[in-house]
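Input: a single structure, listed below in structure tokens.
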Amino acid sequence: MTQEPTIIIITDANIIINLFRIGQLSLFGSLPPYRFHVPSDLVVEILDSAQQKALRNCIEAGQLEEIAVDMPAALPLFAELRGTMSRGEAAYLALAATGGFYIASDEKKQFRRKATQLIGEARILGTEFLLLEAIRRDQMTIRDADQFKDILAANKRATVQLIR
Amino acid sequence: MELTREQLGQRIRAARESCGLTQEQLAEPARLSRVAIGQIEAGARSVSSLELDRIAHAVGRDIKSFFADAFGERDALSALFRSDAELARQAELHKALYGSVAVGREMTNLERMLGIDRAHLLTATYDLPIPLSKWDAIQQGQKVATEERHRLGLGTAPVRDLCDLLESQGVRAAAVALPPNISGLTLVDGSIDVFVVVNAIHPPVRRRFSWAHEYAHVLVDRDRSGAISRSENRTDLIEVRANAFAAEFLMPTEGTLRFVQALGKGSASRSQVSIFDGSVAVQVEQRSTPGSQDIQLYDVALLTNHFGASRISALYRLKNLRLIDDPEFQRLKKEEDAGVGQTIADFLSAPETGTDKAAGDDFRRRFLGLALEAYRREDITRSKLIELAAMVGTRPGDVKSVLRSVGLD
């Protein structure tokens, strides 16, 4: 049996917050071959202390890897994106675009448009994708996923729609 | 443009040195050690996006400038800091000014993004020779103030809000806490256009004078990249010129004379006129009731309330316009120093400034308005909007509420 190659996904803050809200941050570490990274720029943008603590735990447990964006090719793109995006957004998009990685983000509008332009629609994944992957890998039941969907829908920022 | 680690390090060093910061001084805002700064500058250590963003902010640069084909080693603020070693040592001042410049730059970015052309807003310039003496500087300042009032169609009326006026002329204006000896500064730079800062810790009436003073630098000294107005250089000729401009701009000669005349004051106590009938002249003499023309502190209070000036500056203005003589000036100043002016102003409900809007509010309002519009047009992300709002003291929760209220969430 051949092992699937690792696929690196750079995650956005809204995905982290969504998984925090449904108590599923550990999903980051249980969906191989996906390996999730988060730039330091984004870690410092999470201001809520409970979310921050949970994120730190997740990083310390090795479920999520914190990385610095210091590649010579990524920095000029980061600088260019800073004019229209926050530091965290610019960092993970620059990283994904120059490193050939996927991103996990539910962000719409300007960010989505720019991300599509830089890395293509196919490399943009959202919360719904993670939940579906969790179901596929028996990490979660459909019933659980439905409940999580309700929790996220109850939240004003939640835009998740599970695809059956 | 992609740079090697060494090239980027050299640019970081040039930017740091151009604003007079030591590696140690840069280390703190960058949240790095001095050793790490040294390594980054030498190209021996990579710099992350997070660190570079903080470094750019600390040295007052747009992060994009580090990757530009042509790297400008100097900008207006760094030139100002380099010109004055004492300034460079004031860490808090450095932080406050670079923070203001960062907001000014974001404002410029927003305007460019939204297609707002400031070129047509840019105010007039007056080409003047270097004043040869203080007298010359005063004459120049007064003349420019009169011409500028005429250009703006202000007539002899008071200028209600100087900050508004500057903004309407394409000048960015902000109030920042500066050391007490600095009243304000003017910066001219491609990334922020023309930017005026006045000292937020000074009382409103003094800030009004500072706005007008800095406006003189904008009109007359724009070929310089920056000017700083401090108590120590008040006798410099360009500072004297700017002060003369401010006095005339805030309390125009003609307007002051008319106001005083409307109070039934300001005429000579004894007037003589000769009427010539073709062959002989008839002498006519008019004497005012003794003491009736004497200007009192309550007249000064009304005058200052009308023009939005301080009573002490109005006293000097009245003296310079020869509406009061030196003994009268001394008497009134003594009364003012003893607190009589304040008592009278309270009684008349005539505070020193008629309009006392919180300085910087107009800038903040405009900044937030442009940021919301950029978000509505999907030119910036939601997180960027929240970041911009935080730069002018607005909390993320307030941004989220307003987005929900206006249906932009």
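The values are calculated or read from the model by the stated rules, or taken from the named source; none is laboratory data. Since we're looking at a predicted model, the values are computed, not measured. Ideal geometry is used to build each Cβ from the backbone, glycine not excepted, and the neighbour counts take in all protein chains shown.
Restrict the check to the range B:22-33 and report whether at least one residue is under 24 Å from A:Val43 (Cα atoms) and acidic (Asp, Glu). The answer is yes, given that some residue of the range B:22-33 is under 24 Å from A:Val43 (Cα atoms) and acidic (Asp, Glu). Within the range A:79-96, is even one residue away from every other protein chain (no Cβ under 11 Å), assigned to a loop (DSSP other than H, G, I, E, B) and either out of contact with any helix residue (DSSP H, G or I) (no Cβ under 6 Å at 6 or more places or on another chain) or within 27 Å of B:Ala389 (Cα to Cα) (or both)? There is no residue in the range A:79-96 that is away from every other protein chain (no Cβ under 11 Å), assigned to a loop (DSSP other than H, G, I, E, B) and either out of contact with any helix residue (DSSP H, G or I) (no Cβ under 6 Å at 6 or more places or on another chain) or within 27 Å of B:Ala389 (Cα to Cα) (or both). Among the criteria (1) surrounded by fewer than 17 Cβ atoms within 10 Å (Cβ to Cβ); (2) charged (D, E, K, R); (3) assigned to a helix (DSSP H, G or I), the one B:Asp69 does not fulfil is (3). With respect to A:Leu47, determine if the residue is touching a Gly at 6+ places or on another chain (Cβ under 8 Å), free of Cβ contacts under 8 Å to residues at least 60 places away in the same chain and either under 17 Å from A:Thr127 (Cβ atoms) or assigned to a loop (DSSP other than H, G, I, E, B) (or both). The answer is no for A:Leu47.
Of the residues making up the range A:97-110, those that are within 7 Å of chain B (Cβ to nearest Cβ) and either touching a residue at least 24 places away in the same chain (Cβ under 8 Å) or crowded, with 24+ Cβ neighbours inside 10 Å (or both) are A:Glu107, A:Gln110. Checking each residue in the range A:6-33 for being of a type in the set (A, V, I, L, M) and part of a loop (DSSP other than H, G, I, E, B) picks out A:Ile22, A:Leu31.
Out of the residues in the range B:244-278 meeting the condition of being modelled with pLDDT under 80 and polar (S, T, N, Q), tell me which one is nearest to B:Leu297 (Cα to Cα). This residue is B:Ser267.
A single entry from B:Glu147, B:Glu248, B:Glu254 fulfils the requirement of being buried (at least 16 other Cβ atoms within 10 Å of the Cβ), at negative phi and not β-branched (Val, Ile, Thr): B:Glu248.
Within the range B:176-213, if we keep just the residues that are in a helix (DSSP H, G or I) and in contact (Cβ under 8 Å) with a residue 40 or more places away in the chain, the residue that is nearest to the chain's Cα centre (by Cα) turns out to be B:Trp211.
Which count do you get for residues in the range A:138-164 that are surrounded by 13 or more Cβ atoms within 10 Å (Cβ to Cβ), at pLDDT 85 or above and not in a helix (DSSP H, G or I)? Number satisfying all stated conditions: 2. For the range B:282-296, the criterion of being in contact with a Gly (Cβ under 8 Å, 6 or more places away or on another chain), of a type in the set (S, T, N, Q) and surrounded by fewer than 20 Cβ atoms within 10 Å (Cβ to Cβ) is met by at least one residue.
Within the range A:52-69, the set of residues being surrounded by fewer than 19 Cβ atoms within 10 Å (Cβ to Cβ) and facing another protein chain (nearest Cβ under 7 Å) comprises A:Ala68 only.
So that you can scan it fast, the table gives a plain yes or no per residue for (1) within 14 Å of chain A (Cβ to nearest Cβ); (2) closer than 26 Å to B:Val218 by Cβ; (3) modelled with pLDDT of 90 or more:
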| position | (1), (2), (3) |
| --- | --- |
| B:Ile12 | yes, no, yes |
| B:Cys19 | no, yes, no |
| B:Ala42 | no, no, yes |
| B:Ser48 | yes, no, yes |
| B:Asp62 | yes, yes, no |
| B:Arg74 | no, yes, no |
| B:Leu80 | no, yes, no |
